Every structure is written in C-alpha cells, then in structure tokens.
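All of the numbers you see were taken from the coordinates with simple rules; none came from a lab. All values derive from a computational prediction rather than experimental measurement. Here the Cβ positions follow ideal geometry from the backbone for every residue, glycine too, while neighbour counts run over all protein chains shown.
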Amino acid sequence: MAEKAILKRIKELREKLLDADYKYYVLAQPDITDLEYDMYMNELLELEKQYPELVTTDSPSQRVGGQITNEFPSVVHEVPMLSLSNSYDENDLLEFDKRIKNLLKGEKYRYVCELKFDGAAVSLLYEKGELIQGATRGDGFRGDKITTNLKTIRSIPLKLDIKSIFNTLDIEVRGEVFIKKDDFIKINERQETEGDKLYANARNTCAGTLKLKDSSIVASRNLNMFCYNLRHRNPDEQKKLKSHFENLNILKKLKFPVNDKFTLKTSIEDVIKFCGEVDEYRESLPYEIDGVVVKVDSLEQQEKIGSIAKSPRWAIAYKFRAKQAETRLYKITLQVGRVGTITPVAELDPIFLAGSTISRATLHNADEIKRKDIREGDYVIIEKGGDVIPKVVEVLKNRRPKPVHPEFKMPDSCPVCNSLLVRPEGEANYFCINFLCPAQVQARIEHFVARNAMDIEGLGYSIIERFIKDGYLKDITDIYGLPKHEKELKVLERFGEKSIDNIFKGIERSKERPFEKVLFAIGIRHVGDRTARILARHFRNIDNLCNVSREEIEHVHEIGPKIAESVYEFFGKKNNRILLDRLKKAGLQFEVTGEEPKANKFTGLTFVLTGTLEKYKRDDAKKIIEDFGGTVSASVSKKTDFVLAGSEAGSKLVKASKLGVKIISEQEFEEMIKV
Ligand code: IVH
C-alpha cells in the first residue's frame, strides 16, 4: 500500500474502534460484533507493527496493553483530590442541609445526587483534547501516574473531539474506576483455576490492578469508570462553568462514561427520598455502590461554601448501613502474625454477603470474644462495612445449640510452634515470643517481599511456605542466600526453572530499593511505610538510627512514644543487629541516597505549608526545606516549629496560632534560607 493509503486505513480503523468502544462501553449499544472488532484491532496492530512511526498515543491499540511500567512516578494534583464527609441517616442529611442554608444566607440552592461508586478515584488530564496523564488519588495531594494502565479502560476517551463547548479542551476529569460484579467473579474464577489466592473484594482488587506493572493484565481485568467531575484547567474557561449538573451533561457530550442515575433535587426531603430509593435497588445494580453523594449544584455557591480540612462543605456522602448476614461459626482458630500476635479468627459456614463469599472473620482478641460471649457452634450476625475484613457483630443467643460449647479460652502455647504464649501488661493480645516460630517467619518474609516493601515478585505464599519447610528460609536474610541453592531449587517439584529465575531477578532488583523501603520491610513493630519514610529521611542512614536515644526518636515530628519505644527496642537487640549486618552484606540500601542537606540550618525543625505561595510551588518549597535538613508535615501540631503561610491560608493557621506555633510569611522564609 502506498504511504498515504496506509495512513488513511489506519485512521479509518482507529475511528471505527474508538467508536465501537464508545458504543459498547459507554452507551451499552454495540453496533458491531466482537469478531468484527477483533478483526479491525488485529489489522491495526499489524499495520502499527509494520509502521511503528505511525503509532500515536491516542491509538486504540494502546488499550490492548503490553507495556511494562516498573515505577509509577508520583505526580502532584493541580487541585487536591478531597474526600467526602459521611452521613448515615436522615438526621445527618437534615443537619447538612441546615448548614448549607445558613452558609448561603437565604439564597436558593439545589442539590445534585449521584451514586457513590465503590472503587478507586482517579484523575484524567487532557491537553488539547488528548489524554496526557492519568493518576491515582494517592494521599489527595500526590498520586501515582498510571496513564498506561488507565488507557486500557475502554470507556475512557483517548481523544476528545467536540470543541464547541470550550475554546480549548484542556480539562481535568475525575471519577471512579471500578470492577463490575460479574467481572470480579470472573477474575476470581481465573485465580482459582490457576491455583492463585482469591481476592477478597472488588474495590481492593481494582486499586491493586491500577498499580500492576504489566498493562496487559490490567487490560484483561476489564476495568470500568464513571466520571463525576469536570474542571477546565484554564481559569477563564472554567469561569464559564456554572453548574455541576450541567458539567455532568457536558461530560456526557464529550463522550465520557457518566452514570445516568444522577439527578437534580430542589429540597433535602427529595434527596432523602432518592437515597431511600437507591438503597432499595442497589443490590440489583451490576456494580457496587456504598451510598449516594449529595452535592450543591451551583459552582459559585460551592466556592462560597468552601472546604474544611480534607473535605468540601458543599457535599456529603450518604452511606448505606453495613450489610449484615447470619451464619454459623463452627470453629475459632488462631492466627500468628509477624510479630507473634495471636489473633483469634472465626471460621464460618461460607455465606455470600455484599459481593463476596465470607468464610472467616476476625475476632480481634480474647477479651472481645468474652465481651460478646462467642462460642464455637454459635449462630452469629456478621457485618461487612466499608472495610474489607468482616466482623462478628452479635451472637444469636436464642439459637445457641445444646449442649452449649464451653467458653473460649486462649491456650497456653502457640498453635504452630508450641512455645508458651505471653500477654504483656496492658496489652489486649497474646504473643508467641519464639522468634523462630515458623508462622512468624512466614509472615515476616511475606511482609519483607511485599510490593510496598522489597517488592520481590514471584515469592508468593506457597513458595515461601515450601522454602521454610525445606529449610532454605529461616529468616529474611536467607532470601539473599537463595541463589546459592540455584541447582537444588530448580529441580524442586512444582516450581519451574523460569519461576525460580524470576525470583532471583526479583531478589537482585530488590537490592536497589531505597532505604525507606528497607526500613519498612524489616518489620519493626508499629513502623508502617509512612513512618519508615519519616525515619529514613530524618536519620538518613542506619548507623544514625542504631545509635540514637529514645528521646531523640520521639522528638521527630509525627513520631509518638509508642513508635519511638518500638524502634529503640528493635535496634537495641543483638539479634536484630546481626540481621541488619547480614542484609548490609547482601548489598541492600542502608542510607538515603541523593543530595545531602545543603546546610543543617533546619535539622530537627518541622514546617507546615499552608495557603498559596507566590514564588514557590509547594513542592519546591518542600524540597528547599528538606535540602536544609528540615521536615515538612501535612498537619499542625505541638511539634510543628514553623507554619509557612501563603495567601488564603485557612484552618492550619488558626490551629497554629491556638498552639502558639510560629507563623512565617514567604518573605521571612526567604530570609531564613539565605545562605
Ligand atoms: S465526589 C470533593 N462523587 O468517594 C468531592 N466521589 O470520599 C470528592 N466517590 O475519593 C469526590 N462516587 O473515590 C464523588 N459520585 C461520586 C463518587 C465519589 C464515589 C468516591 C471517590 C472519593 C470518595 C470520597
């Protein structure tokens, strides 16, 4: 084919495919068969393979996936992604309405009601109509750039083609990505046939899928999206937007997937009625929702009403009550955690509740079992709220079978290794204090290799279990000795050469993981990934951390006495020092790489940034402070040393003055950083 003809055909195929995506995934009115779709896609892929220079970022071929992303860079949201405050009943909604009425001082207002989808919030940035970035919500200020993965969602337009509404199509669209109920079942069926662990619920699977490195797996999961927010990135164009209800209609015109249940209501009574109606039919929807979102319609009024802390005052989520079910608890078993915590678990007759089958529920600790008087054989009410782990709410005493089972009693010894259990003073939990208990070793290794820790792919639950059993793994340091056993491992039954090679690659790659991840991975009690980051950035290397006093740790912003105690104790133990030494020898990162603080002016000082700064972007100011050895924190507390306040600073300023924290202006800050 001549060059021109090829280009024409490629264009034609792309249009056909994008149009088919829209008709199928947004309108649910397909007009071509799957076979035709596949034929067009194959032809396009073939042509793009032959002429790679003709591949564009908005080609539907991008939806197939195949690209591998090793690291998702973090991006700052142009406007923070807030969350919603919750309400649970009619009274909460009436209160909300009262507040709105007061704040709007007699003005008329209307509400838009939408469904509250249960998935993961994302942001899509378009420049001149082209999708240039997709990101997760993250902590609301910063998310992960996951553009490649989002492009696999077929209802997300890759290119916008209606210009009549705005002069330019530089917009940000936000919405919820989710997995439909039947797709979730399919994913789990696949997991089962491949012998992999089943996923607990659709929401977490969705969030996890968005962060997968291999975009073709993302594509295969059939993610969906509903968009619920539009913002023009150009302030003049944004001014043209007046109403949220209209915005949703504009989004529809721009061919975004917008859920069609949204509606305009003129009174809170009508809103309450709508919430009741949705609660009635929500089970029959093909996707999970956990409530209704109520938003003031006028954007001008939204602005007037404003936001507090992390949520807007002009919107509220009406959350449905947690779903409950009745089932039989046939046994109480004990689970041993990575620091030896013994958690009693309720083994239940499997029951389908709110989208998933439940066969276990946490019972927290022995006191909790006593308080609720839970016995084996009891019929119980279980509940699944917004959280993943279901809990036992109540025992149906009148259905207690006879003869009555004796009260639950915590055994004297560990169910796995038989060593004596202890309950430290003031603790609700019992502990197995045998550091070498196989259950603890297993849990510690699982934690160490997890994605947000050392990220060693391939070293899954059953492989770890097997390696422990066969004596290859006794603690986390043994992971780095595994390659020595290459020959033996490769002939182990059930594990192919390829999977072992994969693990070795993962082990090698993990040596590049930054210090903060290592610090998290070694599993110090009470040190989550955020705390590990704070400690790593503050102390910069392991030797500093090992030689620091309890008080010095506690002085670090956001570190409380409980964490300080635990960290201090961890580094004080000889065994742990030996373990760290071995990991050091294995080549892991034990110091913060990158720039050293330029000067130590700000060492030990904590700053909070608030309002809009004139000269610096927030991130730049943050970097300057960190370069000088200081720390930046999100919230004001007694430990804050300075609040750097720009224009329109809000609640943080109020809190700072209440606590007597020094507030500095941008000019004062500039003075401070003059070297
Ligand atoms: S509006 C400031 N609308 O709920 C407004 N959120 O806690 C924030 N969500 O993070 C979002 N359905 O993930 C909005 N129709 C809807 C929603 C919705 C689900 C989620 C979203 C957000 C969380 C708010």
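How large is the helix-only mean residue ellipticity at 222 nm for the chain, computed as the sum of -39500 (n - 2.57) over DSSP H runs with n ≥ 4, divided by its residue count, in deg cm²/dmol to the nearest 500?
Values: 25 runs with 247 residues, N = 675.
The helix-only estimate for the chain comes to -10500 deg cm²/dmol at 222 nm.
Rounded to the nearest 0.05, what FRET efficiency is calculated for Arg99 and Ala309 with R0 set to 22 Å and r the Cβ-Cβ distance?
Details: r = 15 Å, r/R0 = 0.68.
For Arg99 and Ala309, the calculated efficiency is 0.90.
To the nearest whole percent, what portion of all C-alpha pairs in the stretch 437-493 is separated by more than 18 angstrom? Please list the in-between numbers first.
On the way: 402 of 1596 pairs.
Counting every Cα pair in the stretch 437-493, those more than 18 Å apart make up 25 percent.
Which whole-number percent is the relative contact order of the stretch 248-364 (Cα, under 8 Å, 6+ apart)? Kindly include the intermediate steps, with their values, before the conclusion.
On the way: 120 pairs, mean separation 16.7, N = 117.
Reported relative contact order: 14 percent.
Please list, ordered by chain and number, the residues whose modelled amide H lies under 5 Å from the amide H of Gly291; skip anything fewer than 5 residues away on the same chain.
Lys116, Phe320
Below 17 Å, Cα to Cα, which aspartates and glutamates can Lys23 reach? Residues fewer than 8 away in the same chain don't count.
Glu12, Glu15, Asp31, Asp34, Glu36, Asp38, Asp161, Asp260
Per residue, how big is the convex hull of the stretch 470-535 when only Cα atoms are used? Give it in Å³. Write down the numbers at each step before the final one.
Values: hull volume 6.7 nm³, N = 66.
Given the Cα convex hull of the stretch 470-535, per-residue volume reads 102 Å³.
Quick one: order Tyr287, Tyr318 by neighbouring beta-carbon count within 10 Å, fewest to most. Intermediate values should be presented prior to the final figure.
On the way: Tyr287 22, Tyr318 27.
So the ranking, lowest neighbour count to highest, is Tyr287, Tyr318.
Assuming a viscosity of 1.002 mPa s and a temperature of 20 °C, what translational diffusion coefficient in µm² per second does Stokes-Einstein assign to the stretch 494-580, Rh being the Kirkwood radius over Cα pairs? List each step's numbers first, then the result.
Details: Rh = 14.2 Å.
Value of D from the Cα-based Kirkwood radius: 151 µm²/s.
Let a ≥ b ≥ c be the square roots of the eigenvalues of the Cα gyration tensor of the stretch 155-314; is it rounded (a/c under 1.5), or, if not, prolate (a/b larger than b/c) or oblate? It would help to have the intermediate numbers written out before the result.
Working: a/c = 2.27, a/b = 1.46, b/c = 1.56.
Oblate shape, in that a/c is at least 1.5 and b/c is the bigger or equal ratio.
Roughly what % antiparallel, to the nearest 5, for the DSSP beta bridges in the chain? Let's see the in-between values first.
On the way: 74 of 87 bridges.
Taking every DSSP beta bridge with both residues in the chain, the antiparallel ones total about 85 percent.
To the nearest µm²/s, what D does Stokes-Einstein give for the chain at 10 °C and 1.306 mPa s, using the Kirkwood radius over alpha carbon pairs as Rh? Spell out each step's value before the answer.
On the way: Rh = 28.7 Å.
It comes out at roughly 55 µm²/s.
Which value in Å does the Kirkwood hydrodynamic radius of the stretch 10-97 take, with 1/r averaged over all unlike C-alpha pairs and then inverted? Intermediate results must be reported in sequence, preceding the final value.
Working: mean 1/r = 0.0587 Å⁻¹.
Over the stretch 10-97, the inverse of the mean reciprocal pair distance is 17.0 Å.
Taking a threshold of 18 Å on the Cα-Cα distance, which of the pairs Lys331/Lys372; Lys490/Lys585; Lys253/Lys273; Lys159/Lys240; Lys98/Lys295; Lys323/Lys391 fall above it? Each step should come with its number before you reach the end.
On the way: Lys331/Lys372 15 Å; Lys490/Lys585 25 Å; Lys253/Lys273 29 Å; Lys159/Lys240 22 Å; Lys98/Lys295 14 Å; Lys323/Lys391 11 Å.
Over 18 Å Cα-Cα: Lys490/Lys585; Lys253/Lys273; Lys159/Lys240.
If you take the alpha carbon radius of gyration of the stretch 327-413 and divide it by 2.2 N^0.38 Å, what ratio comes out, to two decimals?
Working: Rg = 12.8 Å, N = 87, 2.2 N^0.38 = 12.0 Å.
Taking N as the residue count of the stretch 327-413, the ratio is 1.07.
Taking only the Cα atoms of the stretch 394-508, how large is their convex hull per residue, in Å³?
Values: hull volume 22.1 nm³, N = 115.
Output value, Cα hull per residue: 192 Å³.
Scan around Gly458 for amide H atoms under 5 Å from its own, H built in the peptide plane at 1.01 Å from N, and keep only partners 5 or more places away or cross-chain.
Those lying under 5 Å, H to H, from Gly458: there are none.
Once amide H atoms are built 1.01 Å from N in the peptide plane, which residues 5 or more positions from Ile132, or in another chain, come under 5 Å H to H?
Sorted by chain and number, the residues that satisfy this are Leu125, Tyr126, Glu127.
Enumerate the aspartates and glutamates that Lys151 could reach by cross-link, defined here as Cα to Cα under 14 Å, with residues fewer than 8 away along the same chain left out.
Asp21, Asp58, Glu130, Asp214
Over 23 Å between Cα atoms: which of Lys484/Lys584; Lys319/Lys370; Lys517/Lys573 fall into that group? Could the numbers behind the result be given before it?
Details: Lys484/Lys584 17 Å; Lys319/Lys370 31 Å; Lys517/Lys573 21 Å.
As for pairs spanning more than 23 Å Cα to Cα, those are Lys319/Lys370.
Pulled fully out, how much extra length does the chain show between Leu659 and Lys273, if you take 0.36 nm times their separation in residues and subtract their Cα-Cα distance? Intermediate results must be reported in sequence, preceding the final value.
Working: separation 386, 0.36 × 386 = 138.96 nm, distance 4.40 nm.
Taking Leu659 through Lys273 to full extension adds about 134.6 nm, to one decimal.
For Thr606, Thr357, what ranking results if the residue with the fewest other Cβ atoms within 10 Å of its Cβ goes first? Write down the numbers at each step before the final one.
Working: Thr606 23, Thr357 12.
Ascending Cβ contact count within 10 Å gives the list Thr357, Thr606.
So how long is each side of the stretch 303-458 along the principal axes, counting just the alpha-carbon atoms, biggest first, in Å?
63, 49, 37
Rg(Cα) of the stretch 382-445 divided by 2.2 N^0.38 Å? Working shown, then result.
On the way: Rg = 16.5 Å, N = 64, 2.2 N^0.38 = 10.7 Å.
My calculation over the Cα atoms of the stretch 382-445 gives 1.54.
Please state, as a whole number in µm²/s, the translational diffusion coefficient that the Stokes-Einstein equation yields for the stretch 254-338 at 20 °C and 1.002 mPa s, with Rh defined as the Kirkwood radius across alpha carbon pairs.
Numbers: Rh = 16.6 Å.
The Stokes-Einstein estimate is 129 µm²/s.
If I model the stretch 103-186 as equal point scatterers sitting on the Cα atoms and use the Debye formula, what is log10 I(q)/I(0) at q = 0.18 Å⁻¹?
Each listed q maps to, in turn, -0.92.
Looking only at Cβ-Cβ distances, which cysteines of the chain have no other cysteine closer than 4.7 Å?
Isolated Cys, the chain: Cys113, Cys206, Cys227, Cys275, Cys546.
What list of ³J(HN,Hα) couplings, whole Hz, do you get for the stretch 24-33 from phi and the Karplus terms 6.51, -1.76, 1.60, once you set θ to phi - 60° and write x for glycine and proline?
7, 8, 9, 8, 6, 10, x, 10, 10, 7
Students often get this wrong, so check it: of Lys601/Lys652; Lys116/Lys638; Lys511/Lys652, which have C-alpha atoms separated by over 29 Å?
Beyond 29 Å: Lys116/Lys638; Lys511/Lys652.
What value does the stretch 572-657 have for Rg/Rh, both radii from Cα atoms and Rh as Kirkwood defines it? Please report the intermediate quantities before stating the final value.
Details: Rg = 17.8 Å, Rh = 15.3 Å.
That ratio equals 1.17.
If you put +1 on each Lys and Arg Cβ and -1 on each Asp and Glu Cβ, how big is the dipole of the chain around its Cα centre, in Debye rounded to 20? If you can, show how the numbers build up before the last one.
Numbers: 111 positive and 107 negative charges, 187 e Å.
The calculated dipole for the chain is roughly 900 debye.
Among Met410, Met225, which comes first, then next, by fewest other beta-carbon atoms within 10 Å?
Working: Met410 16, Met225 27.
Going from sparsest to densest Cβ surroundings: Met410, Met225.
Got the relative contact order for the chain handy, in percent, Cα pairs under 8 Å and 6 or more residues apart? Working shown, then result.
Numbers: 1124 pairs, mean separation 58.6, N = 675.
Reported as a whole number, the value is 9 percent.
Diagonalise the Cα gyration tensor of the stretch 179-250 and give the resulting equivalent ellipsoid semi-axes, square root of 5 times each eigenvalue, largest first, whole Å. Let's see the in-between values first.
Working: eigenvalues 271, 34, 15 Å².
Semi-axis lengths for the stretch 179-250 are 37, 13, 9 Å.
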